[in-house]
1. Within the stretch B:7-29, which residues are more than 23 Å from B:Trp176 (Cβ to Cβ) and either in contact (Cβ under 8 Å) with a residue 40 or more places away in the chain or in a helix (DSSP H, G or I) (or both)?
2. Report, by residue number, each residue of the stretch B:103-139 that is under 15 Å from A:Ser260 (Cα atoms) and of a type in the set (Lys, Arg).
3. Take the residues in the stretch A:214-231 that are facing another protein chain (nearest Cβ under 10 Å) and more than 14 Å from the chain's Cα centre (by Cα), then tell me which one is farthest from A:Phe112 (Cα to Cα).
4. Inside the stretch A:261-280, can you point out the residues that are part of a helix (DSSP H, G or I), closer than 13 Å to A:Val231 by Cα and at the interface with another protein chain (Cβ under 7 Å from one of its Cβ atoms)?
5. For B:Thr70, are the conditions met, namely being part of a helix (DSSP H, G or I), farther than 27 Å from B:Ile205 by Cβ, touching a residue at least 40 places away in the same chain (Cβ under 8 Å) and touching a Pro at 6+ places or on another chain (Cβ under 6 Å)?
6. Looking at the stretch B:135-145, can you tell me whether even one residue there is modelled with pLDDT under 90, part of a helix (DSSP H, G or I) and in contact with a Gly (Cβ under 9 Å, 6 or more places away or on another chain)?
7. Kindly indicate which of B:Leu212, B:Leu153 is at negative phi, touching a Ser or Thr at 6+ places or on another chain (Cβ under 9 Å) and modelled with pLDDT of 85 or more.
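The values are calculated or read from the model by the stated rules, or taken from the named source; none is laboratory data. Nothing here was measured: the structure is a model prediction, and the numbers come from that model. Here the Cβ is made from the backbone with ideal geometry for all residues, glycine too, and neighbour counts use every protein chain on show.
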Amino acid sequence: MIEPIFLAEAAVNGLLLGGVLALLALGLNLIFGVLDIVWVAYVDLVMLCMYLVYFLVMLYGWPVWLAGLAGVALGVALGVAVHLLIITPILSSPPINQFLATGGLLFFVQSFATFLWTTDHRSVRLALPIIEVGGMFLSFARLAAFTLSILALLGLYLFLTRTYIGTAIRAVSQDREAMALMGASPQRVYVVTSAVGGAMAGLAAALLSIQYSVHPHFGAAFGPITFMICVLGGLGNMVGAFVASFVMSEIISVGGVVWSTEMGYVIAFALFIVMMFVRPGGILARRD
Amino acid sequence: MAPRVVALAVLALLVAGPFLPMGGLRPYVLHVVIQIYIWAFIGGAWSLMGRFGLVSLGHGAFLGLGAYTTTLLWNFYGLTPWLGTPAAAALTALLALVVAYPCSRFRILGHYFALVTLAVGEVVRLLIVAERDWTGGSLGLTLRPAASDASLLAAQYADKRVFYYAALLVWLGGLWVWRRLDRSMTRSAMEAIGEDEVAAASVGIHVTRFKLAVTVLSAVLTALGGVLYAQYITYVNPETLSGIGVSLRIVFAVVLGGMYSLLGPTVGTALTVSLSEYLRVVFGVKFIGMAETIYGLLLMLFIIFLPSGIYGSLHDLLRRRRPAGAGARA
C-alpha cells in the first residue's frame with residue numbers, strides 16, 4: 001500500500017504540472033480555434049525554444065529570465081514562420097493534408113535536432129531549493145513555473161477579451177466567413193494568432209526547461225497529451241482546455257506514483273477515448 | 001500497349017527479380033524490395049479505410065498487436081507463427097471492433113476520429129513498454145532463433161528469397177483485396193456514408209455495419225503485415241511497430257502516392273522507402289539524423305505542392321490528356 005503522503009505529493013505535483021500543460025494546450029487550442037488546423041509539430045517548436053534557453057543559460061551564462069524572454073521571442077518567430085511557410089499554402093487543403101504537412105514538420109524538427117545536438121538529454125542546472133510543506137517535498141522550480149503560467153493564462157484571457165485584435169481573433173474563431181464579410185483581413189488575424197500561439201510555446205519552453213531535460217524526442221513525449229487535452233476540453237474552448245489540463249496532469253501524476261509512468265499515460269489516454277464517446281464536444285460542452 | 005500486357009511484364013520482372021544479375025548488391029536490393037512489398041501492403045490496408053474518410057492515425061496499434069502476438073506466442077510457448085497468425089488476426093479484429101463500434105455509434109468523425117485512433121496507437125505502444133517483463137519494454141524483443149537456417153515451423157529463413165516471394169504474394173493479395181472492395185457494393189455504400197451519414201442511412205445503408213466491416217478488414221490486414229515484418233526482421237520494437245511515428249509513416253506513404261488508386265500506396269511506399277534508404281546510404285553514420293531531416297523536408301514539400309499524391313496527380317494528368325470516354329478508370 002502506498003503512503004497517503006506520497007499520494008498527496010503526487011496530487012500536488014500533478015496540479016503544478018497541470019499549469020504548464022495548460023499553457024501548452026491553450027497555445028495549441030488558440031491556433032486550432034482560429035485556423036481549424038492542428039499543428040502536429042507544436043510541442044516540437046517548444047523543444048526548439050527549450051534548446052535555446054538551455055544554450056543561453058548553460059553555455060553563455062545568461063540569467064534564466066533573460067534566456068526565457070529570448071525563448072519567447074524565438075517562439076513568436078517560429079509561430080509566424082510556420083504560418084507563412086507551411087500553413088498559408090495549405091489553408092484550403094483537405095484536413096488530412098494539413099495534418100501531414102505539420103506532421104512532416106515534426107519529422108523535420110525532431111531529426112534536425114538529433115543531427116545538431118545528438119540525442120543527449122540536457123538540463124538547465126539551477127540550484128533551486130526544495131520546499132517542505134507538511135511532510136511533502138515540492139520543488140521551487142515547479143511552483144515558480146505554475147505561478148508564471150497561471151499569470152500568462154490570465155494575460156491571454158485579458159488579451160483576448162480586452163483588446164481590439166483579441167476580439168477579432170475570437171470573432172474569426174466563431175465565424176470565419178462572416179469575419180471576412182465585415183471587411184477584416186483574416187490573414188492578419190491568422191498571423192497574430194500564430195505569433196501569440198508561438199509566444200505561449202516559448203514561455204512554456206522556458207518554464208519546462210527548468211524542470212525537465214530537453215532532448216530531440218521531447219515533442220513526442222508531450223505532443224500527444226497536449227492534443228488530447230485540447231480535444232478533451234473542446235477544440236477552441238479555452239476554459240475547457242484549462243480544466244482538462246488539470247484532469248490529465250492529475251491522472252498522469254497520481255497514476256505514475258501508484259503504478260508506473262506508462263500506466264499513468266495509458267489511463268489518461270483511455271479516459272480520453274472514453275470521454276470522446278460520452279462527451280464528444282469536450283467536458284464543458286453544453287448538451288444540445 | 002494494353003495495360004494488361006504491361007502489368008504482366010512488370011509481374012514477370014518482379015517474379016524473376018531475385019535471379020537477375022546484381023553482383024554483390026543482391027541481398028541489399030532484395031532487402032529494400034521486401035520492405036517495399038510489406039509496407040505497401042500495410043499502406044494498402046490503411047487506404048481501405050482512409051479513402052472513405054476514416055483517417056486513422058493509429059494503425060500502429062494493429063501493426064504492433066499483430067507482430068507482438070505471434071512473437072510472444074513463439075518465444076514463450078513455442079507456438080508456431082502459422083497458428084499465432086490467426087490468433088493475432090482475431091485479437092486485432094477484436095481491438096478494431098472495440099474502437100470502431102463506439103466511434104461509429106457516437107459518430108466520431110474527421111479530426112476526432114483521427115485523434116481517437118492516435119490515442120489508441122499510443123495506448124498500445126505504452127502498454128508494450130509498460131509490460132517490460134515479457135515484452136522487453138522499449139528495448140524490443142528478438143525472435144527466438146529456430147534450430148536450423150530454414151525452418152518452416154518457425155517461419156524463419158536465412159535465405160532472403162523466401163521472404164521475397166512471401167512478401168510478393170502478400171502484396172499481390174493486398175492488391176486483390178483492394179480491387180475486390182473497389183468493385184463491390186461496399187465501396188458505393190462507404191462512399192455514400194463518407195459523403196453524408198444521415199442521407200446514407202435514410203436510403204437503407206446500415207452505416208455501422210459497413211464501417212465496422214471495413215475497419216476490421218483494414219486492421220486484420222495491417223496485423224498480417226506486422227507479423228510478416230516481424231518474421232522477416234526477427235526483431236520487434238514498440239517504436240518501430242506502434243505509436244505515432246510508424247502510424248504517421250504509413251499515412252505519409254499512402255497520401256504521397258495517392259490513396260484513391262490501386263497502385264497509389266505502392267508508389268508512395270516505394271518512393272519513401274527508397275528515399276530513406278538512399279539518404280541513409282549517402283549520409284551513413286556520419287551525420288545521424290540528416291537523412292530523416294531531408295525526408296521530413298521533402299514530405300512537407302510534396303504535401304504542399306502535390307496535394308493529391310504523385311500517382312494520383314499523374315493519373316489525373318493522363319486522364320485529362322485522353323479524350324473523354326476513352327479514359328475509363330484503369
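1. Across the stretch B:7-29, the qualifying residues are B:Phe19, B:Gly23, B:Gly24, B:Leu25, B:Arg26, B:Pro27, B:Tyr28, B:Val29.
2. Across the stretch B:103-139, the qualifying residues are B:Arg125, B:Arg132.
3. A:His217
4. Those that are part of a helix (DSSP H, G or I), closer than 13 Å to A:Val231 by Cα and at the interface with another protein chain (Cβ under 7 Å from one of its Cβ atoms): A:Phe269, A:Phe272, A:Ile273, A:Met276, A:Phe277.
5. Answer is yes for this residue.
6. No: zero hits.
7. Numbers: B:Leu153 fails: modelled with pLDDT of 85 or more.
Residue meeting the stated conditions: B:Leu212.
This table checks each residue for (1) within 14 Å of another protein chain (Cβ to nearest Cβ); (2) at pLDDT 95 or above.
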residue	(1), (2)
B:Leu20	no, no
B:Pro27	no, no
B:Leu48	no, no
B:Ala90	no, yes
B:His111	yes, no
